[in-house]
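Below is one structure, written out as structure tokens, with a few remarks after it.
Laboratory data are not the source of any read-out in this text; all were calculated from the coordinates shown. This is a predicted model, so every value here is computed, not measured. As a convention, Cβ positions derive from the backbone with ideal geometry for all residues, glycine included, and neighbour counts pool all protein chains shown.
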Amino acid sequence: MEDSSALDAELGRVVSLELNYPNPFNPSTTINYRVSKATHVQLKVLDTLGRLVTVLEDGFH
């Protein structure tokens with residue numbers, strides 16, 4: 001997850017990415033997130049080497 005806390009504070013946004021459950025998971029999991037204001041959201045899954053596995057969300061919310 002990119003650290004955008006300084007920009008978020010400047011824009012008055014609050015971003016919350018909660019822990020996934022169940023954890024550990026096999027074969028699926030649930031990831032909840034919240035944003036305080038409408039904004040563009042990208043939620044990406046990376047492997048342990050930092051390589052992109054999939055993009056779960058990429059849009060305005």
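What are the ³J(HN,Hα) values, in whole Hz, obtained from phi via the Karplus relation 6.51 cos²θ - 1.76 cosθ + 1.60 with θ = phi - 60°, for each residue of the stretch 48-61 in sequence order, with x given for Gly and Pro?
Residue by residue, the stretch 48-61 yields 5, 9, x, 8, 5, 9, 7, 10, 7, 8, 7, x, 8, 9 Hz.
Arrange the peptides 39-45, 21-27 so that the one whose residues have, on average, the most other Cβ atoms within 10 Å appears first. List each step's numbers first, then the result.
On the way: 39-45: 12.3, 21-27: 7.6.
So the peptides 39-45, 21-27, ranked by packing, come out 39-45, 21-27.
Of the listed peptides 53-60, 30-37, what is their order by residue-averaged count of other C-beta atoms within 10 Å, with the highest listed first? Write out the running numbers ahead of the final one.
Numbers: 53-60: 9.5, 30-37: 11.9.
Ranked from most to least packed, the peptides come out as 30-37, 53-60.
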